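Data block below; observations after.
Every number in this text was worked out from the coordinates using simple rules, so none of it is lab data. Being a predicted model, the structure only gives us computed values, none of them experimental. Cβ atoms come from the backbone with ideal geometry, glycine included; neighbour counts cover every protein chain shown.
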Amino acid sequence: MTNAKTHTLSFQELIDALEHIEVDQLHSDIPANVRAELKRLKRNLSTILSFLENCERSSATDPELSIAIGAVRQECMSLHLTIYKILVLQFFRLNLVMNSQYPALAAAQYDHISQALRHMCQVCAPQFTEQLGSAF
């Protein structure tokens with residue numbers, strides 16, 4: 001697990017820092033389980049964004065990598081917004097709306113992030129692609 005002051009510099013550090021997410025817990029009837037998974041998702045997003053920040057510095061000359069970084073960042077921001085919506089709906093106890101729509105959206109967005117990161121890994125460091133896929 002990383003904290004806000006830790007910077008993820010390499011694919012290996014990213015793989016080591018990612019926490020396992022139980023996507024099915026996003027659909028749980030137990031609000032504490034949902035919140036716990038959302039916290040893990042948010043920590044993973046922070047780790048990924050830290051990694052992207054470092055990659056961005058070194059990608060100034062590679063347009064394909066810059067596009068891949070942009071795609072991952074966009075997916076991260078979209079998932080962050082979805083997490084926020086789930087927490088607000090949970091806070092106001094609007095679980096009927098949340099159960100039908102947002103957990104599935106969060107799971108799909110997390111999958112998009114993992115696919116975009118694997119693509120980025122194939123471009124930059126193909127030797128880590130399989131490990132990265134397992135980390136998600």
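Can you give the calculated 222 nm mean residue ellipticity of the chain, where each DSSP H run of n ≥ 4 adds -39,500 (n - 2.57) and the sum is split over every residue, rounded to the nearest 500 deg cm²/dmol?
Working: 6 runs with 100 residues, N = 136.
Taken over the chain, the calculation gives -24500 deg cm²/dmol.
Mean Kyte-Doolittle hydropathy of 0.0 or higher plus an axial Cα length of 15 Å or more: which whole DSSP H helices in the chain meet both? Let's see the in-between values first.
On the way: long enough: 31-58 (41 Å, -0.53); 63-91 (42 Å, 0.86); 102-124 (32 Å, 0.10).
In the chain, the long hydrophobic H runs are 63-91, 102-124.
Match the structure shown to one of the listed values [x] 10.0; [y] 9.0; [z] 7.8 of mean projected area of the Cα convex hull in nm², computed from it, and give that label.
Here mean projected area of the Cα convex hull in nm² agrees with entry [z].
Take the Cα coordinates of region 39-89, assign each an equal point scatterer, and use the Debye formula without solvent to give log10 I(q)/I(0) at q = 0.13, 0.26 Å⁻¹.
After summing over all Cα pairs, the log10 values are -0.35, -0.94.
Given Cβ point charges of +1 (Lys, Arg) and -1 (Asp, Glu) and nothing else, what value in debye, to the nearest 20, does the dipole of the chain about its Cα centre take?
540
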